[in-house]
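What follows draws every value from the coordinates through simple rules; no lab data is involved. In this text, all values refer to a predicted model and were calculated from it rather than measured experimentally. A quick note on method: Cβ atoms are made from the backbone with ideal geometry, for glycine too, and the neighbour counts reach across all protein chains shown.
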Ligand SMILES: *Cc1c(COP(=O)(O)O)cnc(C)c1O
C-alpha cells in the first residue's frame, strides 16, 4: 500500500465530527515518550486514556504480539483457542471470579454485565425484578444501555427512547442508594473510582453499605473497573482495596495494554444464567488480543510493578503539590495509584481543556475529567525521571495559564 501524506486538517475533512483531537499528529512512541510528525517530543501522562499500562512499544508486549501474529489471529467463537483459555485462567486465579466473558471494549463488558443482571432478575422468583441503580456522573460506555446507565444525561438524551428502569442517585450518598435499592432492583453498577466523572473515589463505607443493601434485596453488585483495573490503583483490581467483593466485575482499558479487549468476570452461580446463544460477539476472545493481554497481565501482576505504582503515586502527588504551592491551581489532588485528579480552584474552573492545550505546547500530554479536573493516567511503569520532566513541563504550562489570567 502506498503511504499517503496526511495532516491534522484531514481529520476534519474525512472523519465524522465526534472528536476534537489536538492540533498535531503523534507518529511514534517509546515508553512514556511520544513524538509527533515534526519530531517534537512529549511526555505521556495520558496513557491513551488509562490504556497503555506498559507505555508504548514495550518489548514484552511486542514479543507477545508478534509471536502470536505468526501463529493465529482469529477464529470466531465456534472454536476456542489457547490464548483465550490461558487469559481466562489468569483472571480466575487472581480475582474472585470463576467465569469470564471476553469482548472488545469497556462498554461491551458493561453491556454484558447489565444484560446478565436483567436475565438473573427475570429468572428470580420476584416479578419485575429489572431495575438498575446507577450513580450521578458515572460513566459506563456509549452503547445505548451503558450510556443510559451512565450518570450524564447530556450523553444519552439525544438518543431517546432510552432503555427503561435505570435510576440514578448521588455518588457516595448511602442513604439515597439504600432508598433506591428494593426487591425490584436486579443490579447496582458503580465505579470504585469515578474516572470520567472527575476522578472521584467511592468511600469504603459506601461500598460496604451497597454490598449489604444488594444482599438484603437479592441485587447484583457490579463493579465497573474498566478504568481502575489491572494495577491502575496499585492493587490488581480496586475492589481489593476495599474488601468489598462484587458479583460482576468489568475490565478493559489497561487489560490489553493498548490492544482492544474487554472482559466481564463473575461467579459460577451467576454465569449459569446465561446459556449458549444468549449473548456474544464475533471478536470476543480473539487470539491476538488475548495473547497480548495475557502477557501484559502477567507483567503487571507482580509485587514489584504493583508496589511501583504506589511509589509513583507518592512521587507524583508530591510533585503536583509542589506545583500547587507556587501557583494555587488545585483545590485538591485525589485518586489512587496512577489514576490522579487535580481539581481546579474556583478561579480556574472550566479551564481544564485550556490547560491540556497549554500543556501540549510545553510537551506534556494530560487528560481532563469534566471541565474542572485535570486527570493523569500514565503508564504504570513510567520512569521517575519522566514523571519529573513531565511535571516540570506541566508547571510551565500552569505558569502560562496563571500569567495569562492575571494579565
Ligand atoms: C472508558 C470507560 C468505559 C467505556 O470503555 P470503552 O472501551 O470506551 O467502551 C466504561 N467504564 C469506565 C469506568 C470507563 O472508564
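Computed extension length for residue 85-residue 7: 23.9 nm, one decimal, from 0.36 nm per residue of separation with the Cα-Cα distance subtracted. Under 15 Å from a point 7 Å along the Cα-to-Cβ line of residue 361: which residues of region 9-40 have their amide N that close? Answer for region 9-40: 23-24.
Axis of helix 352-361 versus longest Cα principal axis of the chain: the two differ by about 50°, to the nearest ten degrees. DSSP bridge analysis restricted to region 112-262 gives an antiparallel fraction near 10%, rounded to the nearest 5. Structure remark: mean-square fluctuation, Gaussian network model of the chain, C-alpha springs under 10 Å; the largest value among 80, 233, 148 belongs to 80. Between the Cα long axis of helix 204-217 and the first principal axis of the chain there is an angle of about 20°, rounded to the nearest 10. Taking the convex hull of the alpha carbon positions in the chain and averaging its projected area over all directions gives 21.2 nm². A Förster radius of 25 Å, combined with the Cβ-Cβ distance separating residue 205 from residue 269, puts the computed FRET efficiency at roughly 0.40. Annotation for region 170-193 versus region 200-257: alpha-carbon center distance of 13 Å.
Taking the convex hull of the Cα atoms, report for region 61-126 its projected area averaged over all directions, in nm². Mind showing how you got there, number by number?
Working: hull surface 25.6 nm².
Computed as one quarter of the Cα hull surface, the answer is 6.4 nm².
Shape class of region 125-259 from the alpha-carbon gyration tensor: oblate, with a/c at 1.5 or above and b/c at least as large as a/b. Shape summary of region 293-398, radius of gyration then Dmax from alpha carbon positions: 14.2, 45 Å. Treating each Cα of region 83-193 as one equal point scatterer and applying the Debye formula with no solvent, the log10 of I(q)/I(0) at q = 0.17, 0.21 Å⁻¹ comes out as -0.90, -1.19. Seen against the Cα atoms of the chain and their longest principal axis, helix 106-123 is set at about 20 degrees. Of interest is the spacing of the C-alpha centroids, which for region 35-83 and region 375-407 amounts to 26 Å.
Rounded, prolate or oblate: pick one for region 243-351, where a ≥ b ≥ c are the square roots of the eigenvalues of its C-alpha gyration tensor, a/c under 1.5 means rounded, and failing that, prolate if a/b is larger than b/c, else oblate.
The shape class here is prolate.
Using a Gaussian network model of the chain in which every pair of alpha carbons under 10 angstrom is joined by a spring, one finds that among 390, 341, 350 the greatest mean-square fluctuation is at 350. Placing a pseudo-label 7 Å from each Cα along the Cα-to-Cβ vector at residue 322 and residue 128 gives an inter-label distance of 6.1 nm.
The residues 1, 200, 240, when put in order of fewest to most other Cβ atoms within 10 Å, stand as 1, 240, 200. Classification of region 199-308 by its C-alpha gyration tensor yields an oblate form. The axis ratio a/c (a ≥ b ≥ c) is 1.5 or more, and b/c is at least a/b. For the chain, a Gaussian network of Cα nodes joined below 10 Å ranks 162, 207, 114 by mean-square fluctuation, and the top entry is 162. Kindly list the residues of region 308-328 that lie in the label zone of residue 345, defined by a backbone N under 16 Å from the point 7 Å along the Cα-to-C-beta vector. Answer for this model: 320-328. Computed from label points 7 Å out along Cα-Cβ, the spacing between residue 25 and residue 304 is 3.8 nm.
Note on residue 136 and residue 93: the model spin-label points, each 7 Å out from Cα along the C-beta direction, lie 4.5 nm apart.
The order of the peptides 119-132, 245-258 by mean Cβ neighbours within 10 Å, most packed first, is 245-258, 119-132.
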